[in-house]
Structure formats: C-alpha cells, structure tokens
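Reading through the structure tokens given below for one structure.
The values are calculated or read from the model by the stated rules, or taken from the named source; none is laboratory data. Remember, it's a predicted structure, so these values are computed and weren't measured experimentally. With ideal geometry, Cβ positions are generated from the backbone for all residues, glycine too; neighbour counts draw on all protein chains shown. Remember, those area values only see protein heavy atoms, side chains included, never the ligands or the DNA or RNA. Shrake-Rupley method; radii C 1.70, N 1.55, O 1.52, S 1.80 Å.
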Amino acid sequence: MKNIDSTGHVTGKSLYLDDLPLRQDTLFGVVVDSEIAHGHILSFDASEAKNYPGVVRILTAKDIPGENQIGGIIADEGLFAEDSVHFIGQPIALILATSERAAREARQKVKIEYKKLRAITEPREAAAKGEYLLPPKTFASGNPEKQWDKCEYIFTGSTEQAGQEHLYLETQGAYSYPLETENLMVHSSTQSPTAAQRTIAKVLGLPMHRIQVDVVRLGGGFGGKEDQATAWAVMSSLGAYLLNKPVKVVLSRHDDLRMTGKRHPYSSDFKIGFSKDLKILAYEVEYFQNGGAANDLSPAITERTLFHTTNAYYIPHVKATVHSCKTNLPPNTAFRGFGGPQGMFVIESAIAQAAMELGVPSSVIQEKNFIKENDVFYYGQVAKNVNVQKVWNAAHKEYGFTKKQKAIEQFNQKNTLHKKGWAFMPIAFGISFTNTSMNQARALVHIYSDGSVGVSTGAIEMGQGVNTKMLQVAEQTFGISPDRIKLESTNTTRVSNTSPTAASSGADLNGKALQVACTAILRRLKSLASDLFKVPASKIQIKDELVFANGKKTGWNWEKLVYEAFMQRINLTESGHYATPIIHFDKEAGKGHPFAYHVYGLAFYEVTVDVIRGTYEIDEVDVIHDFGKSMNPIIDLGQVEGALVQGIGYTTMEELAYDNEGRLLSNSLSTYKVPDIYAVPAVIRVKPLKTGGHSLAIFKSKAVGEPPLMYGLGAYFAIQNAVRAFNSDFRKFDAPITPEKVLMGLYQKKEKTVQPSPKTAKANASK
Ligand code: MTE
Ligand code: HPA
Ligand code: MOS
C-alpha cells in the first residue's frame, strides 16, 4: 500500500498547523528571547512595545497562574526566564498582537539590560568547571582495569562530534483557543501531545482533562518535537487562557534555529585493548555530552549512548561514563538515533584507530568482534535472534565487496588527483523506549453502523508513514477494504496518556494496541456470525469484505454483518491497550533487558576525494537492512534512504557554528549546509535481509525510523580512508568531515605522536 498521505502531499491538500482556518479575534504571539548566552536580567522595559499599534499584551513569568516550569524529565527549565538567562534564544516574554507583523516589530522596541557572565559552549570546559546537568552515569561489565595487562595491543584516542539541526520543514508552532468553562483546545505540531497537555496544565494550574491537544500531522519532527514542541503549545495556551482569545504562535525559521536545541555534540576519550588475534578484550570510554542550558531529554539520551557504546560488537570488559555537561546553548534534545550515533561513532573510531596503527582494514577487526547469539550485551540483555553476522554475510554475497576493494586499490595506485576510500558501517540498534514505563500505547476503534471504521491511536504522523501502517493493521485484522477506514487526528481526549511518537516504536506500540482493539470487536462480530450460521466462531472468517463460514461464502458481507450487530445492540467500539512484554531495566545496576529486539544492518561506502580541492563524492552505498518482515516495503525503503542521507549530512557536512559568546552563526541555509540532491550518493542500494521478523514487532515488521541514520557514520570513515590513501598521517576523528577538514587533512603533517606504540602502551598500562 502506498503512503495514504502521498496524494495530499503532492497536491498540497494535506493540512498542517499553519493551514488551520483562524477563528475571529485570533492573536499572534512572537517570543522575546535573550540576546546574551549567560547573565542576569537587570531591567526589562516593554513600555514602548506595549504601545506599539496592534500589540494587545505582553506576557512574562509574572503572568503565569501555575508553575513556571516546562522541564519534561527534570524540573529545571522555566517557560520564561525570570532573573537570569542561560542561552541566546531563551524565551523571556511573549508579545501578543493582532498581527504577527505587529508583534515582530514590537519585539524590536523591547529594551533589556543584562549583566553579562562568561558563556561556556564546550562540554570539556563545562566539565573542568564542574558545570553538570546530572551526576555522571556509568554502565559497566567485567573489569577493564584488570584486563589491560592481558592485552597485546592498547590504543587510546579522542573524538569530536558536532551537533545537528533538525530542519523539519514545518517550524515549531501551536494554536490554542478557549472552549467553554475554562477548557482549552490546542493544536500543536508535537510528537508528544500528552507532554504538551501535562505541561500546559501545570503552567496554567489546571487539571489535565481541561486541555485537549489535537495533532493532524507534522511537517517533520526527527526528535526535535519530542520535548521542544511543548514550550510553544504552553505559550499559546497561556495567552488563550488569560485573554480568552485564540492565540497562534508559530516560529519563524530564524527564531526556530536560534531558540531550539539540537543533537548533542560530544567530545569523548577512549581506550581499547585487543588480544593478539584482534579480539576486543576491554573498552573504556568517557563521553562529555554538550547538554545545553537545561536537561530536556538529556538523561534519556545519556542512557541510549551507554546502550550503544559497543554497537554491534561483543566486548567482555566495558566501562562507559557519560558526563552530561551544562553549557550556555539551547538545551540539546532528541534527534533520530537519540544518543546512539554518538556512542557508535566512538567505538567505530577506536576500531579505526587500532586498524590504522596495526595496518589492517577496520573490517578485519569489525568482523572478528560481532556479537553472536547468546552473547550478553554489556548492559545485561542476552542477545537473541542476532543478525549481525547474517547481514555481513548477506551483504558480501549480494554485493561482492572483495572485487570492489581491489578495484579501489588499483584506482588509487593509478590516480594522483583523486583517491578513493571505503568503509563498512554495521549497526545494532535497540528498539523500545529506554524508560520501560513509556513502552505502552492505546488505540480507539469505532465501527459505524454503515460499516465504515474510525481509528484513533496515540501515534503522530510526521512523514514516517505511521498512519498508513495503522490503516494496514485495521484493514488486515478486519479483512476489509482500506477505503472503509479513516485515520483520525491524534487527540488526547480520544486517546489519553500517550508516549511520544519516538524511539522508532510508534508503529509497534500503537499498532499492537490497535490490533488488540480490532481483535476484540472482531471477536464479537464472529460470535454473532457463529450464531447466524450455526458454526463455531473459529470457523467464521472475514476476507475481502465477505463473511465465510466453514470456508464457504455465506452471502453476507461486512456491511450487512455490522448492521446486524448494531441492530442486536452489540458494542462496535473498543479501546485497546498494549504494553511491551519481557522488557525491564534496573537503572541503578545498569542491567536488565531494556529492548524488545534489535535492528541490524550493514552499509558499505565507496567515496572519491579530490586531493586538490578537498571535495568529495559518495559514489555508492550498499546496504543490507534487517526490516524483519516489512509490512510496507515502500515506506520502509523511504525511511532507510531518508535516514541514511540525514546521517551522511550529520557526519560530512552539517556544521553548527557558534561564536565564543554562544551565538549561532550558522543560522540560515546559506551557512548551514544540509544534503541537497547533489550530496546524495550517486548510487544507494538497499536490500532486505531475509528473515522471519520478530514477534514483538507489529506484523513482524521491525521498527525502521531511526536505525538507518547510523549508517551515515560510515561516510566519515570512508572519506577518512580516502584522505589516508593520499596522506596516511591523517587520523583525526572530528565529525563532520567537511571539505575544509578534508583539505587540511590531505596536507597536514604528522601530529606529534599521541599514540604510544603497542608495546609501550602495554608497558605503561601495567605500571
Ligand atoms: N521520517 C520522517 N519523514 N519525518 C520524521 O520526522 N522522524 C524519525 C523517524 N522517521 C521522522 C521520520 C524519528 S526521530 C523517529 S523516532 C521515528 O520516525 C518515529 O516514528 P515511528 O516510531 O513511527 O517510526
Ligand atoms: N528514545 C527516544 N525518545 C525517548 C526515549 C528513547 O529511548 N526515551 C524517552 N524518550
Ligand atoms: Mo525520535 S529521536 O526517537 O523522535
């Protein structure tokens, strides 16, 4: 089935927040934000702005009837700053005016005096000053300390990874209006309608049931609207509540880029030890996470980094620590992969570093260390249904890499102006929210008396095709035509207490809940048919809208059966609930079984670097991906391709730049480069791994939203290898590897060897 949204998207008929017809008297909100990254507010003078034509009111922290608090996990973030500010872009006030333009112009008239304090933008600097968002978090198994002595080779090194801007096409926004008796209707572009509802209630001092949040679809979220859509929903609701008028707050692109958090930059140090036959015996890593000015989702992202510290490898002795550092940047937040890419980049760098020192390709080390069936992930989960070696073997069989690698070698011998490089990127990504309690969902199904069906779930459609998958679940469970089924908007009054649509588990969790609801109604319909046709219910089947008894046509169809059920006063509405079984995790011990299953895959890259210009092309990416048994191959292929390219952007070109006052310099698309059509690899081949799928995945179709983003890391190592084919002194791990960095790398002299030789490293370690 093709994506049910595709026609609407292409013809422009799909509705987004900004398409909602406005109610009379709608006011428009523009946010006044901090101009400095760190300091005290000495005075706030809005008198001129207040008198600006069209301005109706200016709201600050003083106007909040409930709590000035929007922190999702930890209560450390005000809706509006009170007396100190912690990042450029931090909201201080909301100007409400009769037009957006008036509000925007009035913003220029607000005068704020600050006492500036020193801004910190780098996590290592924050750590040196003891500025943390959280105490350090460590997961460990075995005892690396005791292993160094036994290692034949030991390598240490450091890595840098920049952040990433989400660049959803639809900027953040919300539209709220009062309903009667202190009830509010809120349209929000959010992945977390319940988080918006909960936080609006808290800030307004109302119970949650007074707030109804409704979402039709998002123009992209990518994690950027998991937590950070909330603030704007709260602001529009605060305005609507206090003024008893509709209020719309939609960020301009510039405001959005400046005010919202991004993927967390990380600076990391590793130490890795090998046996003589290149088995990884021990691995120690310290991550310095750039958390920004408040926690936001950092505690959960920290955990996912720890869970993906060993990527697709089995390592018996591991110690990994995340220092979540407080800096004067907007609070960094969820972004496709959710801390996973950061963990994986460091282990892949450690392997690449070892490979360089030992003069073997990384792939030799990668293959020797893949996690196998019944190995234990270092956080305690026993690896079951492991497909790492399987994807590796399938990829080699399908794509014949040995030939390609030879051809690349020959190319490099012949060519002086261009050099090629290759790399493999294996992935093992855990599916489930790392916070066990979030792995639940609900769905609501109505069958109307004419046989048409309305489906509500907690899932948010953001381009990933979850609504199409939900429709498939209902259609296949009932055995009816998809034309009969309508996917309703996601609404907190119809489906309550939703988890965000995130962690790639939107389709699994909501699909399973929907399956529960549909199955319950179907059971009632079958029992009716069983009475009508005098056969056991187990012998009743509905297929292609027709009712069969004992495998024979009954002459009845879906419509007739549904109408009869209605006439016999049978309940045609059901709510389903699903909670992922098996999973559990002891956060204190850092042990348990946090994931329903893992998604596996492998990407191979071939790239060409121009050694005069430092520019590069990705010639080809060959992927074997573990879709399980894909329930929608078109959508799933789109997810793999989209995530892959987003991952390539992350590791090769998207470079956030700040000045040392913490001001975002890359604040437009002319200074922040995202992959365009020319940056997309000339060839992307994606083939499915042939497997039976996993029963905890909806219809055995594995979650696909985030895992393939991490294929993008392979682009870094392939380009690095191409540079090294020209200058083997280049060995930095500093993502993104932009053309500028490539050019510098091509001609850089060998840095003073930070790397002790294996033997001295061993001697040092034993001292
Ligand atoms: N695909 C599109 N087109 N737009 C998006 O915003 N978000 C990604 C992924 N794919 C996203 C996307 C992220 S971060 C997640 S967690 C999943 O979709 C969420 O949806 P799912 O759980 O239904 O896969
Ligand atoms: N992934 C994505 N989003 C989340 C998670 C997670 O594991 N936990 C909380 N929000
Ligand atoms: Mo996705 S980062 O879990 O929204």
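Data for the structure
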| quantity | calculated |
| --- | --- |
| Relative packing of 520-533, 181-194, which averages over residues the other C-beta atoms within 10 Å, highest first | 181-194, 520-533 |
| 14 Å Cα-Cα reach of Lys245 towards aspartates and glutamates, excluding residues that sit fewer than 8 places from it in its own chain | Asp25, Glu180, Glu182 |
| Accessible carbon and sulfur surface of region 1-121 relative to its total accessible area, %, 1.4 Å | 50 |
| For region 440-579, accessible area per residue (1.4 Å probe, heavy atoms of protein chains only), Å² | 41 |
| Over 23 Å between alpha carbons, listed pairs Lys225/Lys384; Lys486/Lys543; Lys368/Lys406; Lys403/Lys673 | Lys225/Lys384; Lys403/Lys673 |
| Other-chain or far-sequence residues with amide H under 5 Å of Ile74's (modelled H) | Asp296 |
| Under 10 Å, Cβ to Cβ, from Tyr177 - net charge with Lys/Arg +1 and Asp/Glu -1 | +2 |
| Kirkwood Rh, angstrom, the chain [1 / mean 1/r, Cα pairs] | 27.6 |
| Cα lying deepest toward the dipole's positive end in the chain, options Ala103, Gly223, Phe699, charges on Cβ | Phe699 |
| Whole-percent carbon and sulfur share, accessible surface of region 440-579, 1.4 Å | 49 |
| Local net charge near Gly12, Cβ-Cβ under 15 Å (Lys/Arg +1, Asp/Glu -1) | -2 |
| Residue-normalised accessible area of region 15-98, given per residue in Å² at a 1.4 Å probe | 46 |
| Surface accessible to a 1.4 Å probe, per residue, for the residues of region 185-264, Å² | 23 |
| Shape of region 440-579, Cα gyration tensor, a/c cut at 1.5 | prolate |
| Size of charge dipole - region 440-579 - debye, nearest 20, with Cβ of Lys, Arg +1 and Asp, Glu -1, no other charges | 480 |
| Pairs beyond 25 Å (Cα-Cα), from Lys2/Lys687; Lys420/Lys629; Lys390/Lys587; Lys111/Lys262; Lys129/Lys262; Lys512/Lys552 | Lys420/Lys629; Lys390/Lys587; Lys111/Lys262; Lys512/Lys552 |
| Ordering of 95-105, 286-296 by packing [mean C-beta count within 10 Å, highest first] | 286-296, 95-105 |
| Rounded percent of accessible protein surface that carbon and sulfur make up, region 632-704, 1.4 Å probe | 58 |
| Contact order relative to length of the chain, as percent, for alpha carbon pairs under 8 angstrom and 6 or more apart | 15 |
| Check: the chain dipole with +1 on Lys, Arg Cβ and -1 on Asp, Glu Cβ, in debye | 1780 |
| Positive-end residue, the chain charge dipole about Cα centroid, Cβ charges, pick of Ser34, Ala441, Leu656 | Ala441 |
| Sorted peptide list for 575-582, 266-273, 389-396, criterion being average Cβ within 10 angstrom, highest first | 266-273, 389-396, 575-582 |
| Furthest towards positive pole of dipole, Thr416, Thr492, Val453, structure part region 382-525, Cβ charges | Thr416 |
| Cβ-based net charge around Phe699, under 14 Å, with every Lys or Arg adding one and every Asp or Glu removing one | +2 |
